[in-house]
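The next block holds one structure in the form of structure tokens; read it before the comments.
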Amino acid sequence: MNQFAPDIASDPLSTFLALVLLAMSVASWTVIVYKTWFLRRVGTDIAQGKAVFWQASDVAQAVRALQSVDRNAVLTPLAQAQQQLMPNTLGTQGDVNTQRTRVLRDALHAVLQRLQWGQVLLATVGSTAPFVGLLGTVWGIYHALTGIASAGQLSIEQVAGPVGESLIMTAAGLGVALPAVLAFNVMGRMINRLEHELEGFAHDVRAL
């Protein structure tokens, strides 16, 4: 091993940046695995929930049937929205259609916020991880060249080893960022599709 490698490995800033990249990787993969399972489950719930809802004979029966298949409660809040109008409040002032639209809108926004969970983290990791890795590379090269300068002699072996080890930080940053960016884009498309289905259901419930 190159004589300067222990200095690089023991450098506090390099160690800290490596730990930051590790934390980013663990956090992003946790979100990726959970949201993949969650969005697939929601997609199944929406398909089954819409089917049982519209097969019911009345709204009360439809809500009960919906609750039995809506495991993540994404359609049930929309179906129950019209039952949430409280008398003698500001929310019940004005046209009934306006009241129902407002309640449905609030319920829909609450569900959509749950679907968007984790997207900000994936976007943050995807945009910042390469720069964290680049910072580690720059610092590692500086640290290595400082050590070489203090040794008072220079050779290609002394430069290539520390610099090559420092470049690993850039590769690590890219390795953390790429899965996060890909997952953000793929899940964004899945969320958009689910949002359209939920908005359509909310519109049909309002008309009902």
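The values are calculated or read from the model by the stated rules, or taken from the named source; none is laboratory data. All values derive from a computational prediction rather than experimental measurement. Positions of Cβ are generated from backbone atoms using ideal geometry, with glycine treated the same way; all protein chains shown enter the neighbour counts. When the accessible area is computed, the model is the full protein with side chains, heavy atoms only, and any ligands, DNA or RNA have been set aside. Shrake-Rupley method; radii C 1.70, N 1.55, O 1.52, S 1.80 Å.
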Are there any pairs, at least 6 apart or on different chains, whose C-beta atoms fall under 7 Å, with the first in segment 107-128 and under 27 Å from ALA23 (Cα atoms) and the second open to solvent by 50 Å² or more (accessible area, probe 1.4 Å), and if so, which? GLN119/PHE184; LEU122/PHE184; ALA123/PHE184; GLY126/VAL181; GLY126/PHE184
Specify the residue that is modelled with the lowest pLDDT; the eligible residues are those in segment 118-146 that are under 20 Å from ARG193 (Cβ atoms) and surrounded by 18 or more Cβ atoms within 10 Å (Cβ to Cβ). GLY118
It is to be established whether one or more residues within segment 96-117 are among the aliphatic types (A, V, I, L, M), modelled with pLDDT under 85 and over 21 Å from LEU66 (Cα atoms). yes
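Based on this model, can you work out whether VAL63 counts as assigned to a helix (DSSP H, G or I) and modelled with pLDDT under 85?
On the way: assigned to a helix (DSSP H, G or I): yes; modelled with pLDDT under 85: yes.
Against the criterion (assigned to a helix (DSSP H, G or I) and modelled with pLDDT under 85), VAL63 qualifies.
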Any residue in segment 27-46 that is free of Cβ contacts under 8 Å to residues at least 60 places away in the same chain sitting within a Cβ distance under 7 Å of a residue that is in a helix (DSSP H, G or I) and surrounded by 15 or more Cβ atoms within 10 Å (Cβ to Cβ)? List the pairs, counting only those 6 or more apart or interchain. ASP45/VAL69
Scan segment 184-199 and give yes if some residue there is assigned to a helix (DSSP H, G or I), open to solvent by 60 Å² or more (accessible area, probe 1.4 Å) and modelled with pLDDT under 75, otherwise no. no
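How many residues does segment 66-95 contain that are in a helix (DSSP H, G or I) and at pLDDT below 75? Please lay out each step first, then the result.
Looking only at segment 66-95, we keep the residues that are in a helix (DSSP H, G or I), and these are 66-69, 76-79, 81-84, 90-92.
Checking which are at pLDDT below 75 leaves us with 82-84, 90-92.
Summing the residues that are in a helix (DSSP H, G or I) and at pLDDT below 75 in segment 66-95 gives 6.
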